[in-house]
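What follows is a set of notes on a single structure, which appears directly below.
The values are calculated or read from the model by the stated rules, or taken from the named source; none is laboratory data. Remember, predicted model here, so these are calculated numbers, not experimental data. Backbone-built Cβ (ideal geometry, glycine too); neighbour counts: all protein chains shown.
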Amino acid sequence: MRAVTLGLILVSLLTFVGGQLCFKSAADEPGEVPGPPPAPPQRRAVVFGAGIVCMTVSFFVNLHLLQQLDLSFLFPFQGLSVLIVTVGASLFLRERLTVPLVIGTLLITVGVMLVSAS
Amino acid sequence: MSPPSEPKRFATLSPIFQVLLCAVFGTTSEVLLKVGAAHTQHTVSPLPWVDVSGLMSAWTWVSIVFTLLSLVFWMSALRTLPLGLAFPLSNSVHVLIPLSCWAFLGEVINGRRWCGIALVVTGLLVVARTYANLEKRL
């Protein structure tokens, strides 16, 4: 795999994870989930917009990569996002990590990496 | 048992179906995106790194519709589910996509890939147990 291709996969992955964290921040409704109080509506709209921008960048980079690689090879790389999102949600959104959740997340990540290495 | 718990129970059952629908629509979107990308593989893009040539295929636009549908269900599920729980569950796409590629695009799944799929399914079951525990608490 060329360094440029690897770099583009990383860009696609990180923008995807950033988008998910933005979406969750924007989606929280007062009293729906435990944790810090949700931001005001205007701020949530901005965060949602940032999420859309991140996902759009991820989409076009992914589209470019799909023209070069098989989908079944490329897509599993996004499996790494499971681990990053789970850790990110704990760090930035103060979500609780439980032992089964961590074990399940690791199993999914290893499974996805195994698929991607095939 | 008590009537006040019913709305909460319904509210916690609903997001899991929304996550599953999100995964199904996401899988459909990715397969169609691959078809669209393959159709425009030899089309020259005006921008080398942000490839917009794929937009010249109708399959890509249908894929975008499915992506939006997936996003709608995802945003709805995120209102009630923690991201750290919902996101691993949404990774059922890593089982659905290789199977779809094998079934519809003729791509090959070897033994190692099958093992990976089995691990993902095991992980999903472990995470689903967390969801069941959350549902009990609610």
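Numbers below:
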quantity: Check on B:Phe66, closer than 30 Å to A:Leu114 by Cβ, modelled with pLDDT of 90 or more and aromatic (Phe, Trp, Tyr); calculated: yes
quantity: The stretch B:86-117, residues that are free of Cβ contacts under 8 Å to residues at least 40 places away in the same chain and more than 7 Å from every other protein chain (Cβ to nearest Cβ); calculated: B:Val95, B:Leu99, B:Trp102, B:Ala103, B:Gly106, B:Val108, B:Ile109, B:Gly111, B:Trp114
quantity: Residues satisfying the stated conditions in the stretch A:64-87, i.e. facing another protein chain (nearest Cβ under 8 Å) and either among the acidic types (Asp, Glu) or farther than 13 Å from A:Leu13 by Cα (or both); calculated: A:His64, A:Leu66, A:Gln67, A:Asp70, A:Leu71, A:Ser72, A:Thr86
quantity: Tally of residues being over 15 Å from A:Val82 (Cβ atoms) and buried (at least 19 other Cβ atoms within 10 Å of the Cβ) across the stretch B:105-130; calculated: 1
quantity: Selection within the stretch A:52-84 - under 21 Å from B:Thr43 (Cβ atoms), in contact with a Leu (Cβ under 9 Å, 6 or more places away or on another chain), polar (S, T, N, Q) and modelled with pLDDT of 85 or more; calculated: A:Asn62
quantity: In the stretch A:57-99, the residues that are in a loop (DSSP other than H, G, I, E, B) and within 20 Å of B:Val93 (Cβ to Cβ); calculated: A:Leu69, A:Asp70
quantity: A:Leu101 more than 8 Å from chain B (Cβ to nearest Cβ), buried (at least 19 other Cβ atoms within 10 Å of the Cβ) and either free of Cβ contacts under 8 Å to residues at least 60 places away in the same chain or over 21 Å from A:Ser25 (Cβ atoms) (or both); calculated: no
quantity: Failed item, numbered, when B:Ser45 is tested on (1) away from chain A (no Cβ under 11 Å); (2) at pLDDT below 85; calculated: (1)
